[in-house]
Amino acid sequence: MVGYDPNSPGTALTPEEAALAGSAAGMVTRALISPLDVVKIRFQLQIEQVSWRSRQGKYWGLWQATRCIMTEEGLPAFWKGHIPAQLLSVCYGAVQFASFEALTELVHKKTAYNSQTPGVHFICGGLAACSATVACQPLDTLRTRFAAQGEPKMYRNLRHAVVTMFRTEGPFTFYRGLTPTVVAVFPYAGLQFFFYNIIKKLLEPQDTKSKGGLHSLISGSCAGVISKTMTYPFDLIKKRLQVGGFEEARMKFGQVGGG
């Protein structure tokens, strides 16, 4: 079970162990979903409607966008910005899970609340995600810039991107979109931990040792879909803000708006 559980039959995870587990999970997940994330970002940054019925923009469908990116930019395009994305996943996972573990343990030891209730998971999950977001926002902005640029590339590598953005846009550009991100991430992560807690308990049989990994996978997937759907508009706003001042690199993708 995620979070501090005083009734766990084994030894409870320390915040350091939770950070290591969160980092490893984030790294593997990021490598697997990177192609879908690149397509999602391209959709989010396209001002024209994404619809196969009204094909106004460059991208109007999932398979069409995949073929288009593959043809014009090659297979590596689906892993654009993979280095900052991996750094983001590792750092975010470490801070989020370590904070969540520490917060739920604090609730159990310092308050009368049960650390394994959905309500506690909602609050602690939201706070943990906020701390991870503030710590990792620059990496998120860099990852978005890399995924958004087409060919020819504006940023040659991670170092070049950092130096160029710092010189031309100033240090605060790395925190573009922080406000809507924090506003969105609290309910997103809170709901994710909340629904994970509920779904996991519904799936768990009396024999908790059987199919534990499968139940965790199903619970995490369902919780992620529900929470992401409910907070998705904030993610769209964040992505638009992160590429403000970056219009030149996106001209080939259709209309561009102001930052």
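Going by the conditions given, is Phe193 at pLDDT 85 or above and within 26 Å of Ile237 (Cβ to Cβ)? No.
For segment 27-80, the candidate set comprises residues that are among the hydroxyl-bearing types (Ser, Thr, Tyr) and closer than 30 Å to Gln96 by Cα; within that set, the residue that is modelled with the lowest pLDDT is Thr29.
Cβ-Cβ distance below 8 Å, separation of 6 or more or different chains: which pairs start in segment 92-118 with a residue that is touching a residue at least 60 places away in the same chain (Cβ under 8 Å) and closer than 17 Å to Lys200 by Cα and end on one that is of a type in the set (Asp, Glu) and surrounded by fewer than 24 Cβ atoms within 10 Å (Cβ to Cβ)? Listed pairs, sorted by first residue: Ser115/Asp5; Ser115/Glu105; Gln116/Asp5. The residue that is farthest from the chain's Cα centre (by Cα), counting only those in segment 49-60 that are closer than 22 Å to Val243 by Cα and open to solvent by 20 Å² or more (accessible area, probe 1.4 Å), is Gln56.
The values are calculated or read from the model by the stated rules, or taken from the named source; none is laboratory data. Bear in mind that the values here come from a model prediction, so they are computed numbers and not experimental data. Cβ sites come from the backbone with ideal geometry, for glycine too, and all protein chains shown count toward neighbours. Areas reflect the complete protein model, heavy atoms only, side chains present, ligands, DNA and RNA absent. Shrake-Rupley method; radii C 1.70, N 1.55, O 1.52, S 1.80 Å.
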